[in-house]
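Engineer: Structure below; questions to follow.
The values are calculated or read from the model by the stated rules, or taken from the named source; none is laboratory data. Because the structure is a prediction, the values reported are computed rather than measured. No Cβ is skipped: glycine too gets one built from the backbone with ideal geometry, and neighbour counts run over all protein chains shown. Heads up: the accessible areas ignore ligands, DNA and RNA and are worked out on the full protein's heavy atoms, side chains in. Shrake-Rupley method; radii C 1.70, N 1.55, O 1.52, S 1.80 Å.
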Amino acid sequence: MAAQLIESNKQGAEIFYEDEVCRQKIVDLLVAHRLPSGLIPLKDVTEFGYNKSTGFFWAKQKNKIEHKFHAIGKSPTYEQELSAFVEEGKMKKITGVKGKELMISFNIVEFSVDEKNHEKLNFVTAIGAKKVFPFSAFELQK
């Protein structure tokens, strides 16, 4: 599914291939859309693309990773390939990100800044379950 979305959105997209450049472009994209700068902490990124006209972005990394967000004690998994549509304060139709609760993995399909409290970030799973965390827990540490 993600591969088809990537192919259909490549036309007109900016595409980058160096790890350091790709990781910076991911941070820039998040910050430009008022999302936490550390929300997508990928490693060894081999490709990042963003189609501004559709809001679609994708990233490919060498290996699947698990990243621990210490402030909330959660460790989501980021697949080798992930994609989403991004708009101000929201990322939707996400592929390639999984969370775990009580030993059960769930696909995370949406991140959004809470409309009433901009210091909170909502996570929605494919089955409609929702969790709310502090926005600050996903900011890059300086």
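Engineer: Determine how large the accessible area of Ser53 is when every protein chain is in place; take a 1.4 Å probe and give Å² rounded to the nearest 10.
Structural biologist: 110 Å²
Engineer: Quick one: length gained pulling Met103 to His67 fully straight, 0.36 nm per residue minus the C-alpha distance?
Structural biologist: 11.4 nm
Engineer: Would you list Met103, Met91 from the most to the least accessible area, probe 1.4 Å?
Structural biologist: I get Met103, Met91, largest accessible area first.
Engineer: Taking K and R as +1 and D and E as -1, what net charge do the other residues with C-beta under 10 Å from the C-beta of Glu81 add up to?
Structural biologist: Net of charged neighbours comes to 0.
Engineer: Then there is this: In a shell of Cβ-Cβ distance under 12 Å around Gly96, excluding Gly96 itself, what net charge do Lys and Arg (+1) and Asp and Glu (-1) give?
Structural biologist: Net charge in that neighbourhood comes out at +2.
Engineer: Per the 1.4 Å probe, what fraction of the accessible area of the chain, in percent, lies on carbon and sulfur atoms?
Structural biologist: 49 percent
Engineer: Got a sec? What order do Ile127, Ile94 fall in by accessible area at 1.4 Å, biggest, i.e. largest, first?
Structural biologist: In descending accessible area the options line up as Ile127, Ile94.
Engineer: Please state the shape class of the chain: rounded when a/c is under 1.5, otherwise prolate if a/b exceeds b/c and oblate if not, all from the C-alpha gyration tensor.
Structural biologist: Verdict is rounded for the chain.
Engineer: Can you sort His118, His70 by solvent-accessible area, 1.4 Å probe, largest first?
Structural biologist: The most accessible residue leads, giving His70, His118.
Engineer: Need one value: the accessible area of Glu119 in square angstrom, 1.4 angstrom probe, rounded to the nearest 10.
Structural biologist: 140 Å²
Engineer: Could you tally the net charge around Phe106, taking each other residue with its Cβ under 10 Å from the Cβ of Phe106, Lys/Arg +1 and Asp/Glu -1?
Structural biologist: Spelling it out: positives minus negatives among the neighbours equals +2.
Engineer: To the nearest 10 square angstrom, what accessible area does Tyr17 show with a 1.4 Å probe?
Structural biologist: We get 140 Å² for Tyr17.
Engineer: Given a cut-off of under 8 Å on Cα pairs at least six residues apart, what relative contact order in percent is computed for region 70-122?
Structural biologist: This gives 27 percent for region 70-122.
Engineer: Under the rule a/c < 1.5 gives rounded, and otherwise a/b versus b/c splits prolate from oblate, where does region 1-44 land using the Cα gyration tensor?
Structural biologist: prolate
Engineer: Rounding to the nearest 10 and keeping the result within 0 to 90°, find how far the Cα-based axis of helix 19-32 lies from the longest principal axis of the chain.
Structural biologist: It works out to around 60 degrees.
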